[in-house]
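The structure appears below as C-alpha cells.
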There are 2 protein chains.
Amino acid sequence: MSRLIAVAPDTRPEMHAAMCGAVDAAGGRLVDPQEAEGLVWADPSRPDLFPSVVEGADRLEWIQLPYAGIEPFAHHLDQRWTWTCGKGVYAPAVAETVMALALALSKNLHGYARADRWSKPVGRYLADARVTILGGGGIAECLLPLLAPFGCPTVVVRRHDRPVAGADRTATPDLLPELLPETDLLVVALALTAETRGIVDANTLDLLPDHALLVNVARGRHVVTDDLVAALAAGTIAGAALDVTDPEPLPDDHPLWSEPRCLVTPHVANTPEMGLDLLTPFVEDNVRRFLEGRPLLAPVDIGLGY
Amino acid sequence: MSRLIAVAPDTRPEMHAAMCGAVDAAGGRLVDPQEAEGLVWADPSRPDLFPSVVEGADRLEWIQLPYAGIEPFAHHLDQRWTWTCGKGVYAPAVAETVMALALALSKNLHGYARADRWSKPVGRYLADARVTILGGGGIAECLLPLLAPFGCPTVVVRRHDRPVAGADRTATPDLLPELLPETDLLVVALALTAETRGIVDANTLDLLPDHALLVNVARGRHVVTDDLVAALAAGTIAGAALDVTDPEPLPDDHPLWSEPRCLVTPHVANTPEMGLDLLTPFVEDNVRRFLEGRPLLAPVDIGLGY
C-alpha cells in the first residue's frame, strides 16, 4: 500500500528534485504537506520555514530531516511526530575527512602548502599514534576501519561503555582525565548536546600532551574556540584541524586563519554533491520502510537531542 | 665469528653514532675502512667521499648504503663488492605520505590551508577512486593495505606482471595507454632508472582524465617538471602533490610554488629522525646476516641500477 509523502520546502531545487526522486523510487505518492503522512525536509538551511510548512498537516506522522546533527531543528522537535534524521548517513565521508586532516597535521601539509620555498623536513607518523575518539556513533564506526592498517591504539569515549567494533577500548567521559595525557590524536566526532558543548576546553587541552593533534569534524561548539586559540599560540598542543568552527563561518579576521598550527576547512566533510549522493538512497530506504511499516533508520531521540 | 665492519664517513654525527650502535648490537667489530670487510655508509649527502674512504680497503666485501634509491651512488657501483641499500626500509613511511598527499588533494587541503577566509565547499572522495601505482616495490606493498579500506580499485604497473599482494591487478608499462584514461589517482613509486626517468611526461599527463590527481614520492626526475607545470596550468589534470622535485630542492622562484593545484613537500616522506629509526634496526639485521653468512637484505642489482 502506498502512502502520501511530501517533500518541502522547494527552496533548494537540486535537493528537492533528488528527494522527490527518492520518494518516487520507493513507491511513495508525492503530495502537498497538508495531505501528507510523511514529510521529507529538503533544505537544511531553512528550518525557519518549518512552522508554515506543517500548518494544517493534520495527517502527518513522520518527518525525515536531512541533518546528521539536528540542532538547527531542535526547537521544532515535537513528540506528536516520529522524527528521523541523517545520522550515520554522512559518516563514511566524514571519516575519510578525519583521515585527511589527521594525516595532514602529522605531515605538516598545512605548513608546506603555505610555503613558497623549500624548507626543512618535519613530520611524523600517524602509524602507532594513540587515537582517542570522542563519540561512538557512525563516524567512529567508519573511521576505525580506515585507521586499522595504521596500527593505532584506539579508545572511543561515549556515554555508555558498550564496545564499538574495531576500537581497542571503549570508555566513559569520566575517564578523560586519565585518557587525555596518553592521547596523540584527539578526534571529536560527537553529537552536539548540552553535555558535549564545550567538551574541548582549556582543561581538556591542558591535559593533552604538547605534541597532541586535534581534529574536529563534529560541531564547532564542541570546542571552546578562544581556549583553542590560546593553546595553539602557546604550543600546549601541536596542531588542530577544524572542519567546523564556532562561530561558523569563521570570520575573516579570526586569529585561527593565521595560526601556523591550525588548518581550517569550511565544513567540507561532506560537500553538497557528496552529501546528496549519500542522503538520496538513504531517504529512499526510509520511505520504503515507512510504506511497509518497518522500523525507520536514524530515529531521533527527542530527549537526548540526537 | 665476528667480522670487521667500518662506519663512514663521520660527517653526520647522529647517523654515524646510530650506525655504529647497529654494528655493535649485531656483534660486528668496529674498525677503520682500511681494515674492514664490511662498510656501512653513514652520510647520504656525501657520496663524493666514497673514493677516499675505500682507498686501500683491500679486504672489503660488502657495502651497505643508506638509500632507498641509490642513484647518488650509481657511478661508484663496482662489481668487486656486494652492495646492499635501504630499499623497502622507508616504504612504510613513504606509503603513509602517499595517503596524506592523496587525501589532501582529494579534499583540497592545499587550497584551504592557503585560504584566509571561509570559502566554498569543494572536495571529493578517495573512496572508490581508481588508483594506478607505478612501481611494484616496497612502497606499493605498504600502500595497498592502507588503501584497502577505501575500496579503491588498484592497478600496479611494473616491469614484470608478477602479482603484488593486495593489488586488484598487475600490468606492464606497455598497457599504460589503456590504464591512464581510467585512472583517478596516479602514484609514482618507482626506482629511478634510465627506463623510468621522465615516465610522467606530457603524453602521460594528456592520457589522464582532467579530474586525475598525481602523487610523486619516488624521485623528481620521474616527472618532466615543465610538462607538469603546463598540465596544471591548463587544468588537464586536477592536482599534483610532489614530495620530490626536479630540480630538487625546487628553486624559490619556481612556478609550482604558486600553482593552486599543486602541493610541494620538501622530500619529507621520511624525515631524518623517522628515517634513522627505520634504518638502524635494518642495518643491525643486515650486519648480523653478514656475520652469519646468511643472504643480505636489499641487494643492489648493479645492472638494473636498484
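Some points to look at:
- A dipole drawn for chain B from +1 and -1 charges on Cβ atoms has a positive end, and of B:T196, B:A212, B:L39 the residue lying farthest that way is B:A212.
- The H on the amide N of A:T170, modeled in the peptide plane, is under 5 Å from the matching H of A:V156, each at least 5 residues off or on a different chain.
- 5 angstrom amide H check on B:E61, placed H, neighbours 5+ away: B:G38
- Percent antiparallel among DSSP beta bridges (both partners in chain A, rounded to 5): 5 percent
- Span-like helix ranges in chain A, DSSP H, alpha carbon extent 27 angstrom or more, Kyte mean at least -0.5: A:272-292
- For the stretch B:214-224, Karplus couplings with θ = phi - 60° (6.51, -1.76, 1.60), whole Hz, Gly/Pro x: 10, 10, 10, 10, 9, 9, x, 6, 5, 10, 7
- For the peptide A:119-131, the mean number of other protein chain Cβ atoms found within 10 angstrom of a residue's Cβ is 5.
- Placing unit charges on the Cβ atoms only, positive for Lys and Arg and negative for Asp and Glu, gives the stretch A:91-264 a dipole magnitude near 440 debye about its Cα centre.
- For the stretch B:1-104, the set of GluC sites (Glu not before Pro) satisfying both a DSSP loop assignment and a count of at most 16 other C-beta atoms within 10 Å is given as B:E55, B:E61.
- At R0 = 25 Å, FRET efficiency that the Cβ-Cβ distance of A:D161 and B:V122 yields, to 0.05: 0.05
- Selected from A:P173, A:P33, A:P72 as most flexible by GNM, with chain A as the system and alpha-carbon contacts under 10 Å: A:P72
- Rg/Rh (Cα only; Kirkwood hydrodynamic radius) as it applies to the stretch B:208-306: 1.15
- Where rotation carries B onto A, the chain B residue whose Cβ is nearest that axis, in whole Å: B:A113, 2
- At 7 Å out from Cα toward Cβ: B:P260 inter-copy label distances (nm, ascending): 2.7
- Cα centroid of the stretch A:26-42 to Cα centroid of the stretch A:121-187, whole Å: 40 Å
- A straight line joining the Cα centroids of the stretch B:245-298 and the stretch A:238-293 runs 36 Å.
- Remark: the stretch A:73-120 carries a charge dipole of roughly 240 debye about the Cα centre, counting +1 on each Lys and Arg Cβ and -1 on each Asp and Glu Cβ.
- Evaluated at q = 0.27 Å⁻¹, a Debye calculation over the C-alpha positions of the stretch B:1-76 (equal weights, vacuum) places log10 I(q)/I(0) at -1.39.
- Peptide B:90-97 has a mean shielding of 3, counted as Cβ atoms of other protein chains within 10 Å of each residue's Cβ.
- Computed over all pairs of different Cα atoms, the Kirkwood value for the hydrodynamic radius of the stretch A:91-264 is 16.1 Å.
- Fewest-first sequence of B:S258, B:S119 by Cβ atoms within 10 Å of each Cβ: B:S258, B:S119
- Reachable lysines, given that their alpha-carbon falls under 28 Å from the alpha-carbon of A:K120 and they are not under 8 places away in the same chain: A:K107, B:K87, B:K107
- Here the average projected area of the convex hull drawn through the C-alpha atoms of the stretch A:34-183 stands at 12.7 nm².
- Exam field: B:R294 pseudo-label spacings to other copies (7 Å along Cα-Cβ), nanometres: 5.6
- Considering only A:A100, A:P247, A:I139, and ranking their Cα positions along the charge dipole of the stretch A:91-264 that arises from unit charges at the beta-carbon of Lys, Arg, Asp and Glu, the one farthest toward the positive end is A:A100.
- Sites B:R197 and B:S258 - FRET efficiency at Förster radius 45 Å, r taken between beta-carbons, to 0.05: 0.95
- Take B:P247, push a point 7 Å out from Cα through the beta-carbon direction, and compare it with the same point in every other copy: 4.9 nm, smallest first.
- A compact globular protein would have a Cα radius of gyration near 2.2 N^0.38 Å; the ratio found for the protein assembly as shown is 1.10.
- Spacing of the two label points (7 Å from each Cα toward its C-beta) at B:S2 and B:A230, in nm: 6.1 nm
- Computed over chain B, Kirkwood Rh from alpha-carbon pairs, angstrom: 20.5 Å
- Backbone N under 12 Å from the B:E248 label point (7 Å along Cα→Cβ), restricted to the stretch B:258-294: B:265-271
- Net charge dipole size for chain A [Lys, Arg +1 and Asp, Glu -1 on Cβ; Debye, nearest 20]: 680 debye
Quick note: the coordinates plus some simple rules give every number you see, no bench work behind them. None of these values were measured; they are calculated from a predicted model. Backbone-built Cβ (ideal geometry, glycine too); neighbour counts: all protein chains shown.
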